[in-house]
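Student: Mind looking over this structure? Questions follow.
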Amino acid sequence: MKYLLRLLTLCYTLQLSSQNFELPLLKVMPFLIFQKVESDKQSVLCPNKSGLEQTMTPLRIVTFVREEPYLPNLLINYTFNTDSVITHIQYIWDESNFDKKPTSLKTDAFLLAFIAKYKSLVQEISIHYGTSIQNGFLDDLDQTRRFFGLYRDDVWAGNDDWEIKSYIHLSNHYTISDTDTIFPIHKMEVQFTNINKSIKSLSPNKITPDYNNLFHEFITWVHLKDFQKATNYLSEKIRPQINEDFFNWIIHKIDAKKDLQLYNTRFQLMSDGTENTVLQFKYKKDTSINPSIFVSVLFENDGKILGINPVNLNE
């Protein structure tokens with residue numbers, strides 16, 4: 001088995017080394033394959049942004065940073081389960097991930113390099129997964145100087161194993177007023193979600209409404225520091241690991257002064273073959289399509305919380 005895994009790693013490393021990024025070409029992709037590729041590309045391993053210990057959730061997120069010529073460095077988030085099988089990959093080119101200062105205006109050469117990179121990524125994915133469903137165009141560079149800027153997203157349909165989507169948003173529009181300041185945006189992202197092995201889309205009308213309410217009740221008791229009542233909302237499987245430090249960590253990570261709203265729902269396939277519900281929450285004032293601050297909550301079928309993952313990709 002070890003020999004086979006080494007051979008797979010070698011084959012995929014050779015195959016993927018000339019690509020813009022690593023395409024998941026099999027139904028089941030071990031994290032070890034991508035870890036070896038990142039090592040070969042001299043990517044830097046980042047601290048765990050989720051703040052979770054591996055024992056507190058069936059999922060783990062590992063983040064790498066890779067240098068990119070002429071563009072913002074590439075931030076890569078790998079999510080994998082207890083079997084070390086990849087469930088989600090997120091590639092992000094966005095300088096705000098590394099520089100906390102407001103984004104500055106960019107030259108046309110920079111914008112064209114961004115567009116060329118995005119088109120190259122789309123072409124590369126399409127070779128393996130077919131033509132994408134495209135929304136938006138990138139032909140009019142003057143559009144970047146207007147309010148919304150240039151925007152395009154792509155979705156690759158008809159794949160039974162991976163849900164694939166990407167987008168690019170370029171705006172060189174900068175406005176200062178008495179009430180608001182609008183800064184430029186230069187960002188693109190590609191996401192792969194494993195819908196065959198571990199995560200499947202879930203229609204919101206199939207979600208038990210109590211899950212949403214139960215989470216908000218749990219958060220209320222935590223912030224009231226009634227940890228005994230809050231513990232009642234947790235699965236028996238994780239209660240032995242729970243202590244006051246855990247609840248204080250929740251208080252620190254989830255802002256009680258901001259309203260959380262449900263924005264995404266999924267199924268998580270567990271190691272025993274059962275499917276549990278995952279709800280993702282973002283702060284209500286965040287109107288972005290892909291929030292950088294969110295909370296993922298994994299429920300057992302009886303509504304007990306099995307895992308909580310507050311994520312802040314800006315930290």
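The values are calculated or read from the model by the stated rules, or taken from the named source; none is laboratory data. Keep in mind it's a predicted model, so treat the numbers as computed, not measured. For neighbour counting, all protein chains shown are included, and Cβ atoms are generated from backbone atoms with ideal geometry for every residue, glycine included.
For every residue, the table says whether it meets (1) within 28 Å of Phe80 (Cβ to Cβ); (2) modelled with pLDDT of 85 or more; (3) touching a Ser or Thr at 6+ places or on another chain (Cβ under 8 Å).
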residue: Trp162; (1), (2), (3): yes, no, yes
residue: Lys187; (1), (2), (3): yes, yes, yes
residue: Lys197; (1), (2), (3): yes, no, yes
residue: Ile207; (1), (2), (3): yes, no, yes
residue: Tyr233; (1), (2), (3): yes, yes, no
residue: Glu244; (1), (2), (3): no, yes, no
residue: Ile250; (1), (2), (3): yes, yes, no
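Student: Which residues, counting only those in the stretch 131-153, are assigned to a helix (DSSP H, G or I) and within 27 Å of the chain's Cα centre (by Cα)?
Tutor: Thr144
Student: I need a count of the residues in the stretch 112-130 that are more than 16 Å from Glu163 (Cβ to Cβ) and not in a helix (DSSP H, G or I).
Tutor: 0
Yes/no per residue for (1) of a type in the set (Gly, Ala, Ser); (2) part of a helix (DSSP H, G or I); (3) surrounded by fewer than 15 Cβ atoms within 10 Å (Cβ to Cβ):
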residue	(1), (2), (3)
Lys229	no, yes, yes
Thr265	no, no, no
Val295	no, no, no
Gly303	yes, no, no
Val311	no, no, no
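Student: Can you find a residue that is under 30 Å from Phe247 (Cα atoms), of a type outside the set (S, T, N, Q) and modelled with pLDDT of 80 or more anywhere in the stretch 114-134?
Tutor: Going residue by residue through the stretch 114-134, those that are under 30 Å from Phe247 (Cα atoms) are none.
Within the stretch 114-134, none of the residues are under 30 Å from Phe247 (Cα atoms), of a type outside the set (S, T, N, Q) and modelled with pLDDT of 80 or more.
Student: Every residue in the stretch 232-243 that is of a type outside the set (Asp, Glu) and either over 28 Å from the mean Cα position of the chain (by Cα) or surrounded by fewer than 16 Cβ atoms within 10 Å (Cβ to Cβ) (or both), please. Walk me through it before giving the result.
Tutor: Within the stretch 232-243, the first condition is being of a type outside the set (Asp, Glu), and the residues that meet it are 232-235, 237-243.
Matches in the stretch 232-243: Asn232, Lys237, Arg239, Pro240, Gln241, Ile242, Asn243.
Student: Which one of these does Leu170 not meet: (1) modelled with pLDDT under 75; (2) more than 20 Å from Glu300 (Cα to Cα); (3) crowded, with 18+ Cβ neighbours inside 10 Å?
Tutor: (1)
Student: Considering each residue of the stretch 206-226, count those that are of a type outside the set (Asp, Glu) and either buried (at least 17 other Cβ atoms within 10 Å of the Cβ) or touching a residue at least 60 places away in the same chain (Cβ under 8 Å) (or both), and give that number.
Tutor: 10
Student: Being under 29 Å from His186 (Cβ atoms) and acidic (Asp, Glu) is the filter; apply it to the stretch 76-98 and report the residue that is surrounded by the most Cβ atoms within 10 Å (Cβ to Cβ).
Tutor: Only one residue tops the list, namely Asp94.
Student: Given the conditions (1) within 28 Å of Val297 (Cα to Cα); (2) at pLDDT 85 or above; (3) of a type outside the set (Gly, Ala, Ser); (4) surrounded by 19 or more Cβ atoms within 10 Å (Cβ to Cβ), and given that Leu45 satisfies all but one, which numbered condition is not satisfied?
Tutor: Of everything listed in (1) within 28 Å of Val297 (Cα to Cα); (2) at pLDDT 85 or above; (3) of a type outside the set (Gly, Ala, Ser); (4) surrounded by 19 or more Cβ atoms within 10 Å (Cβ to Cβ), Leu45 misses just condition (4).
Student: Then there's this: So which residues in the stretch 227-266 are charged (D, E, K, R) and closer than 27 Å to Lys285 by Cβ?
Tutor: Lys253, Asp255, Lys257, Lys258, Asp259, Arg266
Student: Is it fair to say Glu53 is modelled with pLDDT of 65 or more and among the charged types (D, E, K, R)? Outline the logic, then answer.
Tutor: On the way: modelled with pLDDT of 65 or more: no; among the charged types (D, E, K, R): yes.
No, not satisfied.
Student: Shifting gears a bit: Has the stretch 136-144 got any residue that is modelled with pLDDT under 85 and in contact with a Leu (Cβ under 8 Å, 6 or more places away or on another chain)?
Tutor: yes
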